[in-house]
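Chemist: Structure below; questions to follow.
The values are calculated or read from the model by the stated rules, or taken from the named source; none is laboratory data. All figures in this text were calculated on a predicted structure; none of them were measured in a lab. FYI the Cβ positions are ideal-geometry reconstructions off the backbone, even for glycines, and counts take in every protein chain you see. In case anyone asks, the SASA skips ligands and DNA or RNA and just uses the protein heavy atoms, side chains included. Shrake-Rupley method; radii C 1.70, N 1.55, O 1.52, S 1.80 Å.
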Amino acid sequence: MKICFYVMREYDELPYVEQFAKEYGYDYVWTAGYPEDDGYDVANGCDAVDITPCDLGAHALEEFAKRGVKYLLLRSVGYDHVDLKRAAELGIRVANVSYPPTGVASYAVMMMLMLARRMQPILRRAAVQDFSLKGKIGQDISVMTVGVIGTGKIGTTVLKNLSGFGCRLICYDPYQNDTAKQYAEYVDLETLFRESDIITLHTNATEENHHLLNKDSFALMKDGVLIVNTARGKLINAADLIDALESGKVGGAALDVLEIEDGLYYYNRVGDVIANRQMAVLRSFPNVIMSPHTAFYTTTAVKDMVLGAFEALKSFEAGEESVHEVKAR
Ligand code: COI
């Protein structure tokens, strides 16, 4: 078995690839670039491609299939960027990875505390020696209601983490789970929109929840609501969010993800003119915190992301089911 790793990071992922390739007895090639930078030919002669999120629509899958690739190993939990139907038609089996939900969950809590305590303006003003208090007053999370949308592994961990702060916790998910119920009350989405002081998103992106937060949902929310998104950019209509921030309806947003991230996040674009007006406007607001999709990024997660690919490939090679396999619905 030979794996082609795209977008390989020498400084953190490669040592794990070297280690697991030896343990599993697989060959590999790697490139630091995406297929559109370095070409699909890097995958020539490989059984599997392992890659971080980028456009994996029909064209990319067809290019891989032409080169004999039979397995697509995603270095991510999310797979909304993959045309799973086309992959199945081409006979390509697809696997995602799993890593502990705690990293993203604690990052989400950090972002909501930073928003509630106005940490970004406090740090920015301190950097220019403005140590005055005016405009820096925060909100105590313990008297707030936090609404968690999505109570899968990450959302449930967020609830568990928040349970120590004394805030009221409500949540929404079409599939309820008993652990979440220990910490929060399940409510319908409209109630969550109406009653939350902070709303945090922890659901994967699907056609059904595209732009779940939009002008209609913002209209239902409390004035000054804080929005946290460490899940997927497509969940929020960014133009509507900008309007809601401008009007003051939304009091602040912490965004680790954006609808258009391709070509931006994980690249060094210092000095470039970036054609992404929504990002530019959002970045200009003092009550918006943005980070470049780094909520997942811990030593634990990176190791698990590399290991997950080898585990999935071993199951695929043996013709077995893999817990990591993802299929079109
Ligand atoms: C995922 O694992 O789905 C993530 O969001 C992190 C990935 C972009 C590296």
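Chemist: Quick check on my filter: what residues within the range 191-209 are of a type outside the set (Phe, Trp, Tyr) and either outside any loop (DSSP other than H, G, I, E, B) or exposed (fewer than 15 other Cβ atoms within 10 Å of the Cβ) (or both)?
Modeler: Of everything in the range 191-209, those that are of a type outside the set (Phe, Trp, Tyr) and either outside any loop (DSSP other than H, G, I, E, B) or exposed (fewer than 15 other Cβ atoms within 10 Å of the Cβ) (or both) turn out to be 191, 192, 194, 195, 198, 199, 200, 201, 206, 207, 208.
Chemist: For the range 91-120, name all the residues that are in a loop (DSSP other than H, G, I, E, B), away from the ligand (no atom under 11 Å from the Cβ) and surrounded by 18 or more Cβ atoms within 10 Å (Cβ to Cβ).
Modeler: 92, 118
Chemist: Please verify whether the range 121-128 includes one or more residues that are farther than 16 Å from residue 256 by Cβ, basic (Lys, Arg), over 14 Å from the mean Cα position of the chain (by Cα) and assigned to a loop (DSSP other than H, G, I, E, B).
Modeler: No; the residues of the range 121-128 include none that is farther than 16 Å from residue 256 by Cβ, basic (Lys, Arg), over 14 Å from the mean Cα position of the chain (by Cα) and assigned to a loop (DSSP other than H, G, I, E, B).
Chemist: Suppose we filter 254, 295, 301, 244 for residues that are modelled with pLDDT of 95 or more, away from the ligand (no atom under 16 Å from the Cβ) and on the phi < 0 side of the Ramachandran plot; which single one remains?
Modeler: Answer to the selection: 244.
Chemist: Is at least one residue of the range 173-190 within 19 Å of residue 116 (Cβ to Cβ) and surrounded by fewer than 22 Cβ atoms within 10 Å (Cβ to Cβ)?
Modeler: yes
Chemist: Also, quick follow-up: Among what's in the range 79-90 and is farther than 10 Å from residue 326 by Cβ and modelled with pLDDT of 95 or more, pick the residue that is most open to solvent (accessible area, probe 1.4 Å).
Modeler: Ranking the candidates gives 85 first.
Chemist: Loosely packed, with under 14 Cβ neighbours inside 10 Å and out of contact with any helix residue (DSSP H, G or I) (no Cβ under 9 Å at 6 or more places or on another chain): which single residue out of 66, 22 fits that description?
Modeler: Of the residues listed, the single one that is loosely packed, with under 14 Cβ neighbours inside 10 Å and out of contact with any helix residue (DSSP H, G or I) (no Cβ under 9 Å at 6 or more places or on another chain) is 22.
Chemist: Let me ask something else. Under the condition of being of a type in the set (Asp, Glu) and touching a residue at least 40 places away in the same chain (Cβ under 8 Å), which residue from the range 51-90 is farthest from the ligand (Cβ to nearest atom)?
Modeler: In this case the residue turns out to be 55.
Chemist: Report yes if some residue within the range 15-36 is within 16 Å of the ligand (Cβ to nearest atom), outside any loop (DSSP other than H, G, I, E, B) and not hydroxyl-bearing (Ser, Thr, Tyr); otherwise report no.
Modeler: Scanning the range 15-36, I find at least one residue that is within 16 Å of the ligand (Cβ to nearest atom), outside any loop (DSSP other than H, G, I, E, B) and not hydroxyl-bearing (Ser, Thr, Tyr), so the answer is yes.
Chemist: Restricting attention to the range 153-163, does a residue exist that is open to solvent by 70 Å² or more (accessible area, probe 1.4 Å), modelled with pLDDT of 95 or more and within 19 Å of residue 105 (Cβ to Cβ)?
Modeler: Yes: the range 153-163 contains one or more residues that are open to solvent by 70 Å² or more (accessible area, probe 1.4 Å), modelled with pLDDT of 95 or more and within 19 Å of residue 105 (Cβ to Cβ).
Chemist: Let me ask you something else. Could you list, in sequence order, the residues of the range 40-50 that are within 26 Å of the chain's Cα centre (by Cα) and more than 16 Å from the ligand (Cβ to nearest atom)?
Modeler: The answer is 40, 48.
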